[in-house]
1. How long are the three semi-axes of the equivalent ellipsoid of the range 170-241, in whole Å, if each is the root of 5 times an eigenvalue of the C-alpha gyration tensor, listed from largest down?
2. Treating cross-link reach as a plain straight distance, find the lysines whose alpha-carbon is under 22 Å from the alpha-carbon of Lys356, omitting any fewer than eight places away in the same chain.
3. Could you pull the Cα extents of the chain along its three principal axes, largest to smallest, in whole Å?
4. With θ taken as phi - 60° and the coefficients 6.51, -1.76 and 1.60, list the Karplus ³J(HN,Hα) couplings across the range 334-341 in order, rounded to whole Hz; mark glycine and proline as x.
5. Tell me the Kirkwood radius of the range 330-464: reciprocal of the mean inverse pair distance over distinct alpha-carbon atoms, in Å.
6. Place a +1 charge on the Cβ of each Lys and Arg in the chain and a -1 charge on the Cβ of each Asp and Glu, then give the dipole magnitude about the Cα centre in debye, rounded to the nearest 20.
7. Using the Cα gyration tensor of the range 130-191, with a ≥ b ≥ c the square roots of its eigenvalues, what is the shape: rounded (a/c below 1.5), prolate (a/b larger than b/c) or oblate (neither)?
8. Per residue of the range 137-153, in order, report the coupling 6.51 cos²θ - 1.76 cosθ + 1.60 (Karplus, θ = phi - 60°) as ³J(HN,Hα) in whole Hz, putting x for Gly and Pro.
Amino acid sequence: MRNRVLITVFILVGMCPLAEAQDWPTFGWDVGRSSAPDVETGLSAERIGSLFRQQVVLDGTVDGSAVYLRGATIAGSPHDAFFVTTTYGKTLALDADSGAILWEYTPASYESLKATSRITNATPVADDDRKFIYAAAPDGMIRKLAVADGRVVWATAITRLPEREKIASPLSFFHGRVFAATDGYIGDAPPYQGHVAIMDAATGSLLHVWNSLSSDRNELLDPSSVPQSDSGIWGRAGVVIDSANGDLYIATGNGAWDGSVNWGDAVIELDPDATRILGNYTPDNTEVLNEQDQDLGSTSPVLLGNGLIAQGGKDRIIRVLDWHTMSGAAPHRAGEASKVPTPSGNRLFTAPALLKMSGTTWMFAADGGATSAWTVAGASLQPRWRTDRAGTSPVVADGMLFVYDPNGGLNIYEATSGRRIATLPCGAGHWNSPIIADGRIALPEGNANAHQTNGILDIWRLRK
């Protein structure tokens, strides 16, 4: 395969020693999807102007994020490496220093799926031992790939109808298990159902399935066997995990809600095995949301701490939920602690970032018209700053907020003031979002809905 590289130089200076380095093994950096590393990543406001961009041309569009492993053993040698999955299921390992493609895995289903409407937006996830990557494909399979060479260790189907059930959300890895979720394709063509699938990382065995429709059936269902359709789990953060106890948090999209076995347009807390509902919420106007295509689950739950959850949606509202009042399997309808509008009053499709600093909890979110910051005060979000620049899922690192504008450009702000530090030029995209590690930024470009078989990964780094 040819590895074509384009380089755009901004300002070239000597590279300063990096601070403590770390992996970026999953979407959002940690299983709670904070998108806020608690260690330094090697950048500062002064160093941003010293970055140069490398554009690596890929055999596919990456409409999600990269993950990163420092010093991973690949082909017998250590490499700082980015890993990405393209919309038709190719997974690639790239050298973070040169942009060279170290290996590329192509599923057998690729030729029949490429350039079709069947896509995935799922970000892969790395194993804790850093020897394996888990990746999704639009054939409905989750695959365990060896970091060393891209070899397939196992492949597990998490849907019986991949033509209708899509894997859009990022994968998660926690305590030896892999977590994935399903939704449907544009147009909501039935039948499909949102469900959470848990796999044993060692063997690929499907351990547990929780279905958001017919939740009393704990198995991988034939979608046509379920009376209801939809209720997809498609928020950009997917399955959010509380690392303290392993509980799972999800939000569902449009679908029937009865507070018993059907959980459309709801926020759900599950036990670590996804066998029991530990808490739940749906808005008072849940039927209206369903009828008007206003998915509550267009974004994922944000664990604010102290029993508070923030939940956005297509209805242009971010709700703060006091989860103490939502506990148990009995249905909880309405009862929000507070509400704020989305940054520009547009629908929210992104995963907010959460920063805890000096005793204060900050939340950052972006939509199609603006980017906003709030701090948590009691059970409410207090506005701190706002800018009229659109964005996808933001990332906070080294005191800076990184927000990709899908119209083009990576905006970098001082996190607590909103002062814009720089805009790094790059192409347009869709749900793509950056990661920051070891003094580098990786950001894919492109839109999965264009159904292309090529794309770009931008890598900004300090000159050595």
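1. 22, 15, 9
2. The reachable lysines, counting only those whose Cα sits under 22 Å from Lys356, are Lys339.
3. That works out to 61, 49, 37 Å along the principal axes.
4. Computed from phi, the couplings for the range 334-341 are 6, x, 5, 6, 6, 9, 9, x Hz.
5. That comes to 15.9 Å for the range 330-464.
6. 1180 debye
7. Here the range 130-191 falls in the prolate category.
8. So the Karplus estimates, Gly and Pro as x, are 9, x, 7, x, 9, 10, 10, 9, 10, 6, 4, 5, 8, x, 5, 7, 8 Hz.
A short reminder: the numbers here are calculations on the coordinates, not readings from a lab. Keep in mind that this is a model prediction, so the values were computed, not measured. Ideal geometry is used to build each Cβ from the backbone, glycine not excepted, and the neighbour counts take in all protein chains shown.
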